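Before any comments, here is the structure.
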Amino acid sequence: MQFAGKVAIVTGAGSGIGRATARAFAEAGAKVVAADLSEAVNETVAGREGMIAVHMDAGDEADVERTVALAVDTFGGLDIFYANAGISGGATGIFDTPTELWTEVLRVNLIGPALAIKHAGPKIVERGGGAIICTASVAGLRSGAGGPAYSASKAGVINLVQTAAQQFAGSGVRVNAICPGLIETGMTERAFTYARENGKEDKLGRLNPLRRAGQPEEIARVALFLASDAASYVNGQAWVVDGGLSSSHPVTRQEFGKPAF
Ligand SMILES: NC(=O)c1ccc[n+]([C@@H]2O[C@H](COP(=O)([O-])OP(=O)(O)OC[C@H]3O[C@@H](n4cnc5c(N)ncnc54)[C@H](O)[C@@H]3O)[C@@H](O)[C@H]2O)c1
C-alpha cells in the first residue's frame with residue numbers, strides 16, 4: 001500500500017498501536033501528524049521523514065481542531081484520520097466505577113473519535129474523499145474484555161462509525177472501526193510483565209485459536225488497509241482483529257488433529 005501525497009493524523013501515536021501505525025503510514029509515503037497527550041510522541045517521530053509530533057488531548061474539541069489545522073497548514077490538506085487514542089479506565093466493576101471514571105473514559109474513547117469525525121471530516125471531503133478509522137475493541141462486541149465504561153465506550157465507537165459512514169453519503173469519505181483483541185502495548189504492559197515474571201507467558205492470548213497475543217504492527221497493517229484504496233468498498237464496518245477470539249462461544253476447544261471429545 002502506497003500513501004505518497006496523502007496526509008494522515010494518528011492519535012495515541014506515543015505508544016503501542018498508534019505509534020506502529022503512524023510509523024507505518026510514514027514508511028508507506030504519507031505525511032503524518034503523530035498526536036498524543038504524552039511527550040513520548042516525540043520519540044515516535046524522532047529521526048523519521050515526513051512526520052511531526054503534536055501534544056494534544058484527543059477528547060478536547062479545541063485540541064482536535066488545532067491538530068486538524070496543523071495537518072492542513074503543514075502538509076496542505078488531510079486525507080486520513082486514525083482516531084486511536086484510548087484509556088482502559090482500570091479494572092473496575094459496574095458497582096464500583098465512579099461517575100467521574102465513566103465520564104473520562106467516554107470522553108476520551110468515544111467523544112474523542114466523534115470529535116475527529118466532526119472536525120477532520122469536512123477537510124477530508126475537501127480532498128474529494130478519504131478515510132476515517134477509529135479504534136474500538138473486542139470489548140465493544142460483548143462483555144468480558146474490559147471494565148464497564150471501557151466496554152460501553154468501545155460499543156459506542158462501533159455504532160459511531162456506522163452512523164458517520166451514513167452521514168458522509170456521497171462525499172467519498174469512508175468510516176470504519178478496528179476491534180483489536182489482546183495486543184501487547186502500553187495498555188496491557190502490566191499483564192504481560194506479570195505473566196512473564198510468573199512463568200505464565202503461555203497463558204497470554206491462549207483463549208484465541210492462534211494461541212498468542214497480537215503485536216501493534218498487526219493492527220497497523222489493518223489500519224493501512226482500511227485507509228487505502230484497496231478498501232475502497234469497505235464502509236461503516238467494525239473489523240475484528242483478534243486471532244479468532246470472538247469467533248466462538250466459550251466451549252471446550254477441539255485441538256487440531258485430536259478428536260473433539
Ligand atoms: N492493547 C490492547 O490489547 C487493545 C485491545 C483493544 C483495543 N485497544 C485500543 O487501542 C487503542 C490504542 O491503545 P494501545 O493498546 O496502543 O495502548 P497504549 O497505552 O500503548 O497507547 C495509547 C496511547 O494513547 C495516548 N492517550 C491516552 N489518552 C489520550 C488523550 N486523551 N489524548 C491523546 N492521547 C491519549 C497515551 O498517551 C498512549 O500513548 C486504544 O483505543 C485502546 O483502547 C487496545
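Just checking, does region 10-26 include any residue being more than 18 Å from the chain's Cα centre (by Cα) and either not in a helix (DSSP H, G or I) or not aliphatic (A, V, I, L, M) (or both)?
Checked region 10-26: no residue is more than 18 Å from the chain's Cα centre (by Cα) and either not in a helix (DSSP H, G or I) or not aliphatic (A, V, I, L, M) (or both).
Restricting attention to region 71-102, and to residues there that are away from the ligand (no atom under 14 Å from the Cβ) and either in contact with a Leu (Cβ under 8 Å, 6 or more places away or on another chain) or aromatic (Phe, Trp, Tyr) (or both), which single residue is least open to solvent (accessible area, probe 1.4 Å)?
Ala71
Quick check on Ala91: is it in contact (Cβ under 8 Å) with a residue 24 or more places away in the chain, out of contact with any Cys (no Cβ under 7 Å at 6 or more places or on another chain) and under 18 Å from Ala177 (Cβ atoms)?
Judged against the criteria, Ala91 is not a match.
Considering each of Val68, Val105 in turn, give the residue that is over 28 Å from Asp242 (Cβ atoms) and either open to solvent by 20 Å² or more (accessible area, probe 1.4 Å) or modelled with pLDDT of 95 or more (or both).
Val68
Given the structure, is Ala223 more than 12 Å from the ligand (Cβ to nearest atom), open to solvent by less than 90 Å² (accessible area, probe 1.4 Å) and either touching a Phe, Trp or Tyr at 6+ places or on another chain (Cβ under 9 Å) or under 16 Å from Thr21 (Cβ atoms) (or both)?
So Ala223 fails the test.
Just name the residue that is farthest from the ligand (Cβ to nearest atom) out of those in region 1-53 that are crowded, with 23+ Cβ neighbours inside 10 Å and of a type in the set (D, E, K, R).
Taking the candidates together, the pick is Lys31.
Would you pick out the residues in region 226-257 that are of a type outside the set (D, E, K, R), assigned to a loop (DSSP other than H, G, I, E, B), open to solvent by less than 90 Å² (accessible area, probe 1.4 Å) and closer than 12 Å to Cys179 by Cα?
Gly243, Gly244
Looking at Ala58 and the list (1) over 18 Å from the mean Cα position of the chain (by Cα); (2) on the phi < 0 side of the Ramachandran plot, which single condition is not satisfied?
(1)
Met56 is checked against (1) without any contact (Cβ under 8 Å) to a residue 60 or more places away in the chain; (2) surrounded by fewer than 18 Cβ atoms within 10 Å (Cβ to Cβ) and fails just one. What number does that condition carry?
(2)
The values are calculated or read from the model by the stated rules, or taken from the named source; none is laboratory data. What you are looking at is a predicted structure, and each value in this text was computed from that prediction instead of being measured. Cβ sites come from the backbone with ideal geometry, for glycine too, and all protein chains shown count toward neighbours. All accessible areas refer to the heavy atoms of the entire protein, side chains included, with ligands and DNA or RNA removed. Shrake-Rupley method; radii C 1.70, N 1.55, O 1.52, S 1.80 Å.
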